[in-house]
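First comes the structure, then the notes that go with it.
Every read-out reported here was derived from the displayed coordinates using simple, explicitly stated rules and does not represent laboratory data. Computed from a predicted structure; not experimentally measured. Glycine also receives a Cβ, built like all others from the backbone with ideal geometry; neighbour counts cover every protein chain displayed.
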Amino acid sequence: MQLTLKIWRQKNASDKGGFVTYPVSDVSKDMSFLEMLDVLNENLTEKGEDPVHFDHDCREGICGTCSLYINGKPHGPLQTTTCQLHMRSFSDGQTITIEPWRAKAFPIVKDLVVNRSAFDRIIQAGGYVSVGTGGVPDANEIPIPKTIADLAMDAAQCIGCGACVAACKNASAMLFTSAKVSQLALLPQGQVERKTRAEKMVAQMDAEGFGACTNTGACEAECPKGISITNIARMNREYFSAVVSSENV
Amino acid sequence: MILDSKIPAGPLAEKWTKHKFNSKLVNPANKRKYEVIVVGTGLAGASAAASLAELGYNVKAFTFHDSPRRAHSIAAQGGINAAKNYQNDGDSVFRLFYDTIKGGDYRAREANVYRLAEVSVKIIDQCVAQGVPFAREYGGLLANRSFGGAQVSRTFYARGQTGQQLLLGAYSALSRQVANGKVKLYPRSEMMDVVMIDGHARGIVTRNLITGAVESHSAHAVLLCTGGYGNVFYLSTNAMGSNVTAAWRAHKRGAYFANPCFTQIHPTCIPVSGDHQSKLTLMSESLRNDGRVWVPATKETAEKLRKGQINVNDIKEEDRDYFLERKYPSFGNLVPRDVASRNAKYVCDEGRGVNETGEAVFLDFRDAIKRDGKSTIESKYGNLFDMYKQITGEDPYQVPMMIYPAVHYTMGGLWVDYNLMTTIPGLYALGEANFSDHGANRLGASALMQGLADGYFVIPYTIGDYLASTPPKPVDTTHPEFQKAATEVKNRVDQLLKINGKKSVDYFHKKLGKIMWNECGMARTAEGLKKAKAEIKQLKKDFWSDVKVLGTNEELNLSLEKAHRVADFIELGELMIDDALNRDESCGGHFREEFQTPEGEALRDDENFAYVAAWKYMGENQEEELYKEPLVFENVKLTQRSYK
Ligand SMILES: Cc1cc2nc3c(=O)[nH]c(=O)nc-3n(C[C@H](O)[C@H](O)[C@H](O)COP(=O)(O)OP(=O)(O)OC[C@H]3O[C@@H](n4cnc5c(N)ncnc54)[C@H](O)[C@@H]3O)c2cc1C
Ligand code: SF4
Ligand code: FES
């Protein structure tokens, strides 16, 4: 396959940045999208040009490190992560536009690499059960209905990639935040801190500069892990019941 | 130096309890005067950092990732073992201990493995309390599955994402301590060296991966939780960033490296499809429960198939060789990982491999689908079949899957004593970075167990014993040793950027990987290893004179990052070869062709090789010195493994 790549290049956070066009040839349909970029980078290196920087690690669709806005869609045309996207999803001669996630709360570091530490700070605000190591009850002491455990697991599958934010016209982080709030609100272990958790995490989300949710569902449609927007509804319930009877003083 | 494993005296089952009691304690008011550096935030690092911060220590946690949640632990699929005996099927701490020692082909320490089995039960309690959504039965209690090398059901799991859920649990505990101000997090910071003052580890030097700044950080103890080194083979199931740099720099500062040649090669991975391949994907071992492994019976048929002249589904039953079922009638397709991998290699070496490359065997579900129906197979393996289809473009319901072994895990690592301390006082190694618990072969679902055991339940006790005899005086980063280490790092960066050669970093990494895979992979010979050693020496020379690293230090520079790592991999590769050459026996994942039974199975030599091989760095381009820690077995009887 022969392709034309239009890639966003930006030297650092303060650089203005812009698109640069690169032709690539010798692309096989079995390559993953990132392997195709590896080929480009080997060519650039050979010519003495700075390789295109992009984030990636597991290349198995689980670490959430890879990103990329491909032809106007986060993680490209399929509902999967960029590392799990293969070149057989593209056709010979196609032009592919590659951009970083665009959101105020995810500043660009270089080229296609963005800083997603805002997600870490949302978790730090309350995305945990406050138990220390040791002194906890036996694992089977509290039975949890399978249906509830399964729902919690559905929400817990979020990989923290940020595609939901990138897909949203308001750059809202509701899907990400609500996935964690839901997981813990569903489980008996999460009950004690249920109210303060929702409140604190939502406050942090706002403080980071993520936008408001206007229920367009774009996040769910692009989430590679199928996180459902019913989680957002659940978080809203958690949040409103929390502010009504706030325990945060 | 004599290697002192510090294994406590007394009966096996009482060692850990006694040891905890005999260890010195740091009083609560003093704990806040101590600083501990934790490098790595995978299962081992995140659990250690959180637990130590909860105790009151001031923790600094480093990771080269952008977030602690991205560590390679996230990718573990299958599950985590624990001797809970919830299934009432005869499991016990002793049985888990025994299975692990035997699975490791009798090359691990009894006392460590017993402790691992003992604390395994607490790990599950801890994770459930954190909100880890393990799989459950309809009655609401935890579900278990069985895994290779065990006859009981003791594996806990969270769908196919156990590592993810356990890591997110540990990450949440860590995040809570960050919020409490007890842990300071340093993401995108790569540790480049350990700093030693008066013979003790007192800090590290890091490179900020965004700005290139070389920074000094001091502490009273340093924990390396930096994972395994499987990427020395270039292609492996490890994440792209996994590397040996932290452990290797510590090694060069005096930490002995143990059993470097013990690597695990997993039999069921998606085969290499071409030169562009950057990593290999694991397909769960559970597939071997229903899939049948085979290749064409003759070279000629295999060749026709590779050339596309015949269709796989047209190959008649009598022209198929179900080689595992044929050679191992009692275990069949369920032989342990090392045996399954080796046999796949044999049939491919005979020219009977499939796929365009000839380096693959079939894993066929035709008979299982016929027997149980497509929907049953779909409910068991649906997600795996989908993943396979996504990567290869082929539908495993219609044609057999193709699989081939791939490097998966490294049992070797920094030598540690019972306290998890390396041969450098104050420097500890946890998780896959140490060598401690898996001997020559790791059983499935036991790496997650070990990482969390080390971090949640071992280090919080053993570190106190060391710190109690260390004055809580702050360590000053203006000490000349910090300056010296920082200057060395800067010089190395400059050197790499100055070479301006012709070949990319990946070129060297791929070359190293080929040498290691061919000569120090599934089967090894003295002759091949010697040849490989010469090749690696040459590769090292070429690297330092011809590598091309673009850009500058003062920016995010992925090729510079990688150049550092590959330079260390090359040196490690040579040590792995020395270790493999020294071990004139076959055991677990280490198979020396010269040492096999008449049936072609691994032949151990317990009389001469029942020891841990710990290597001491002797200086640039010097041969390393071997120190032996004898392994004493008081509670198990050494036997030859047989799966016939
Ligand atoms: C595909 C796959 C599936 C697996 N499935 C299972 C399974 O089902 N069950 C099981 O028990 N085991 C499994 N394993 C093995 C298991 O996942 C690993 O052994 C284990 O997670 C290692 O954990 P760790 O904490 O030691 O290291 P890692 O999770 O690798 O973490 C290493 C950490 O160190 C940091 N780091 C490394 N070097 C530096 C440096 N120089 N400076 C700063 N930071 C550094 C990294 O950023 C990272 O945070 C699997 C492995 C693979 C590859
Ligand atoms: S909710 Fe989905 S899209 Fe958003 S971070 Fe999680 S996995 Fe990514
Ligand atoms: S690289 Fe890990 S999810 Fe894509």
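Structural remarks
- Whole-Å distance, taken between Cα centres, linking the stretch A:42-92 and the stretch B:218-235: 27 Å
- Here is the list for the stretch B:520-619: GluC sites (Glu not before Pro) lying in DSSP coil, each with at most 14 other C-beta atoms within 10 angstrom of its C-beta, are B:Glu554, B:Glu593, B:Glu594, B:Glu599.
- Most mobile listed residue (A:Ala185, A:Ala149, A:Ala166) in chain A, GNM with C-alpha springs under 10 Å: A:Ala149
- Net charge, B:Asp372 excluded, C-beta distance under 11 Å - Lys, Arg +1, Asp, Glu -1: +1
- Highest-MSF residue in chain A out of A:Glu141, A:Glu222, A:Glu35 [GNM, Cα springs under 10 Å]: A:Glu141
- Inter-centroid distance (Cα atoms) of the stretch B:343-364 relative to the stretch B:257-297, Å: 12 Å
- Other residues whose C-beta falls under 10 angstrom from the C-beta of B:Asp546 contribute a net charge of +3, scoring Lys and Arg +1 and Asp and Glu -1.
- Computing FRET efficiency as 1/(1 + (r/R0)^6) for A:Asp92 and B:Asn500, where r is the C-beta to C-beta distance and R0 is 35 Å, gives about 0.45.
- With each label modelled as a point 7 angstrom along the Cα→C-beta vector, the B:Ala13-B:Thr478 pair spans 5.8 nm.
- Considering only B:Ala368, B:Ala340, B:Ala567, the residue lying farthest towards the positive end of the dipole of the protein assembly as shown is B:Ala567, judged by Cα position with unit charges set on Cβ.
- Stretchable slack from B:Asn518 to B:Glu394, in nm (0.36 nm times residue separation minus alpha-carbon distance): 41.8 nm
- Pair B:Asp349, A:Asn12: separation of 7 Å Cα→Cβ label points (nm): 5.3 nm
- Where a label projected 7 Å from the Cα of B:Ala526 along Cα→Cβ would reach, residues of the stretch B:590-612 with amide N under 20 Å: B:590-598, B:600-611
- Computed over the stretch A:3-109: relative contact order in percent, which uses C-alpha pairs under 8 Å that are six or more apart: 32 percent
- Restraint check, B:Lys102/B:Lys327; B:Lys279/B:Lys345; A:Lys146/A:Lys195; B:Lys122/B:Lys514, Cα-Cα greater than 31 Å: B:Lys122/B:Lys514
- In nm, spacing of pseudo-spin labels at B:Glu137 and A:Ala203 (7 Å Cα→C-beta vector): 4.4 nm
- Considering only alpha-carbon pairs that sit under 8 angstrom and 6 or more positions apart, the relative contact order computed for the stretch B:266-407 is 34 percent.
- Considering only alpha-carbon pairs that sit under 8 angstrom and 6 or more positions apart, the relative contact order computed for chain B is 20 percent.
- For the protein assembly as shown, share of DSSP beta bridges that run antiparallel, in % to the nearest 5: 70 percent
- Listed by chain and number, the lysines whose alpha-carbon sits under 19 Å from that of B:Lys628, ignoring those within fewer than 8 places in the same chain, are B:Lys6, B:Lys252, B:Lys616.
- Mean residue ellipticity at 222 nm, helices only, the protein assembly as shown: -11000 deg cm²/dmol; runs of at least 4 DSSP H residues each add -39,500 (n - 2.57), and the sum is divided by the number of residues.
- Put simply, when B:169-182, B:360-373, B:263-276 are sorted by average Cβ atoms within 10 angstrom per residue, most first, you get B:169-182, B:263-276, B:360-373.
- Selection of trypsin sites (Lys or Arg not before Pro), the stretch B:220-308, meeting DSSP coil and at most 12 other Cβ within 10 Å: B:Lys307
- FRET efficiency for B:Thr552 and A:Ser241, using Cβ-Cβ distance with R0 set to 60 Å, rounded to 0.05: 0.65
- The length gained on full extension between A:Gln79 and A:Thr230, counted as 0.36 nm times the residue separation minus their Cα-Cα distance, comes to 52.5 nm.
- Rounded to the nearest 0.05, the FRET efficiency derived from the C-beta distance between B:Ser23 and B:Glu620 at R0 = 45 Å is 0.75.
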